[in-house]
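The values are calculated or read from the model by the stated rules, or taken from the named source; none is laboratory data. Note that the structure is a prediction, hence the values are computed from the model and not measured. When we count neighbours, we look across all protein chains shown, and the Cβ atoms used for this are built from the backbone with ideal geometry, even at glycine. Ligands, DNA and RNA are stripped out before the accessible areas are found, and what is left, the full protein with its side chains, is counted by its heavy atoms. Shrake-Rupley method; radii C 1.70, N 1.55, O 1.52, S 1.80 Å.
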Amino acid sequence: MQYSPVSTKILSCLYTSDVPLSNRQSFENEIRVLTDVRHRNIIKLHGFCSKRGCLYLVYEYVKRGSLRKVLYGLEGKVELDWAARVKIVQGVAHAIAYLHHDCSPPIVHRDISLNNILLEADFEPRLSDFGTARLLNPDTSNWTTVAGSYGYMAPELALTMRVTDKSDVYSFGVVTLEVMMGRHPGELLTSLSSSRTSLSENPELFLKDVLDQRLPPPTGQLAEEVVFVINVALACTRTTPEERPSMRFVAQELSAKTHRVCERKLVRRVCN
């Protein structure tokens, strides 16, 4: 019999029955969400165990590990080309769109960051770590404590503790910019998200000055795709939540753009 490798996450192992409440809640949250979720770009939970203060979660094994490790490691310079980066962004977009629009009640992840996106050998992404995820109940106000990773949380969370899907949209935008830039947007994020400038007006300037300098600049139709992805990211990181697009719209637009580019390539091959 052939066994598939798995990965194990240990939330608590104090060898005592007194498990911290936060660990217990995170453990139960992951189980509750992932037992009902089925999507190719979301991590699969194979099982779980709680014994003598130790909390174990058993997931599918994802070969390359976190997107952060890949982006900032040797793979980011050698293997993570522009086509792979576009593929990662698309996969993550579809995963979040599934949570927001195809689950009932909708699920908000609340901690989308490079650390919580894992990559398969072919760079197919898996959204992971649902310890702080929340179900959006239409019959409640959905108030909660602030959760998320510093640098990826939506600005409105500093003023309100109400959970909405727009906070995930903002985090997705930050992740997308970071993947394309090869660094966290930081201060640039504020100026980009507030400018409302479309990159289609001067894409060459942006490609030269902002994109990951470790890679040769994208050219031709791939450059067109990259510029489109950046424009989508800027829309997602708008300061006002209501001005951000829905993740369903984002996922559909990213897929449509790729299909149009592929169709053009096919037509050119046939004509030549």
Notebook entry, point to check: Between PHE48 and residues 5 or more places away or on another chain, which pairs have amide H atoms under 5 Å apart, with H built 1.01 Å from N, and which residues are they?
Noted result: VAL58
Next item on the list: Rank by packing, highest mean first: peptides 66-78, 173-185, with packing defined as the count of other Cβ atoms within 10 Å averaged across residues.
Entry: 173-185, 66-78
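At R0 = 22 Å, how high is the FRET efficiency between ARG32 and SER104 if r is their beta carbon distance? Nearest 0.05 is fine. All intermediate terms of the calculation are to be shown ahead of the outcome.
On the way: r = 14 Å, r/R0 = 0.63.
The pair ARG32/SER104 has a calculated efficiency of 0.95.
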Next item on the list: Specify which residue in the list VAL62, CYS49, TYR72 is farthest towards the positive end of the charge dipole of region 34-94, using unit charges on the beta carbon of Lys, Arg (+1) and Asp, Glu (-1), about the Cα centre.
Entry: CYS49
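Leaving out ligands, DNA and RNA, what percent of the accessible area of region 37-120 is carbon and sulfur, probe 1.4 Å?
Working: 1860 of 3510 Å².
Summing carbon and sulfur atoms, their accessible area is 53 percent of the total for region 37-120.
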Note to self: Using the Karplus curve 6.51 cos²θ - 1.76 cosθ + 1.60 with θ = phi - 60°, what ³J(HN,Hα) values do you get for each residue of region 105-116, in whole Hz, with x for Gly and Pro?
What the structure shows: x, x, 10, 10, 5, 6, 8, 7, 8, 4, 5, 9
Notebook entry, point to check: Between THR239 and GLU124, how many nm apart are label points set 7 Å from Cα along the C-beta direction?
Noted result: 4.1
